[in-house]
Amino acid sequence: DHEGNKTVDVREIGTIVRSLNCCPTEGELNDILAVVEEEEPTGYIRYEKFEPQMLKILIERRFRPASEEQLMKAFEVLDTEKADFLEVEDFQKLMTEEGEPFTQEEVEEMLSAAVDPDKGHISYKDYVALMVVDDDGL
């Protein structure tokens, strides 16, 4: 809430929701927006509409992040060579062209954390360790 008026730009809702350790798809995020957005969309979401919906999501434990085991299985499927790492170019292509594609900005953010600077590839076991969220009772 940069202006202190109890509203946020609709484009920031995904960041806010994900900062609360919820991992909705873009479709699920759009469903959340449909509930909290004004009938006449203004481009802003009011706190008093967002807060009760987000509390409900947190209490129901919806959109929980994947477990370490699930993440490892996903990377192992992508690692067809069984090399315990992925090449950056292959990872970029998969993330932007398959399934629900990530934006280039999102991929660059992932790569900044995932690429081993010494080896120049993604040692996914290390990356998974960074992605796992501790369940702190939320």
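The values are calculated or read from the model by the stated rules, or taken from the named source; none is laboratory data. Because the structure is a prediction, the values reported are computed rather than measured. Here the Cβ positions follow ideal geometry from the backbone for every residue, glycine too, while neighbour counts run over all protein chains shown. These area figures cover heavy atoms from the full protein model, side chains too; ligands, DNA and RNA do not enter into them. Shrake-Rupley method; radii C 1.70, N 1.55, O 1.52, S 1.80 Å.
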Residue-count net charge about L71 - beta-carbon cut-off 13 Å; Lys, Arg +1, Asp, Glu -1: -2
Carbon/sulfur fraction of accessible area - the chain, other protein chains in place, 1.4 Å, %: 51 percent
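With a 1.4 Å probe and all protein chains in place, put H2, H121 in order of accessible area, largest first. Each step should come with its number before you reach the end.
On the way: H2 170, H121 25 Å².
Most to least solvent-accessible, the answer reads H2, H121.
At most 11 other Cβ atoms within 10 Å and a DSSP loop assignment: could you name the GluC sites (Glu not before Pro) in region 8-83 that fit?
Values: sites: E12, E26, E28, E37, E38, E39, E48, E60, E68, E69, E76, E81; in loops: E37, E38, E39, E60, E81.
For GluC sites (Glu not before Pro) across region 8-83 that sit outside H, G, I, E and B with at most 11 neighbouring Cβ atoms in 10 Å, the list reads E39, E60, E81.
Using a/c under 1.5 as the rounded threshold, could you call region 42-95 rounded, prolate or oblate? The axes a ≥ b ≥ c are square roots of the C-alpha gyration tensor eigenvalues, and prolate needs a/b larger than b/c, oblate otherwise. If you can, show how the numbers build up before the last one.
Values: a/c = 6.55, a/b = 2.22, b/c = 2.96.
Cα axes put region 42-95 in the oblate bin.
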Formal net charge of residues neighbouring D126 (Cβ-Cβ distance under 15 Å; K, R +1; D, E -1): -4
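Which whole-number value in Å² is the accessible area per residue of region 30-71, probe 1.4 Å? Intermediate values should be presented prior to the final figure.
Working: 2890 Å² over 42 residues.
On a per-residue basis, region 30-71 sits at 69 Å².
List the trypsin sites (Lys or Arg not before Pro) within region 52-138 that DSSP assigns to loop and that have no more than 16 neighbouring Cβ atoms inside 10 Å.
On the way: sites: K56, R61, R62, K73, K82, K93, K119, K125; in loops: R61, R62, K82, K119.
In loop regions of region 52-138 (DSSP not H, G, I, E or B), the sparsely surrounded trypsin sites (Lys or Arg not before Pro) are R61, R62, K82, K119.
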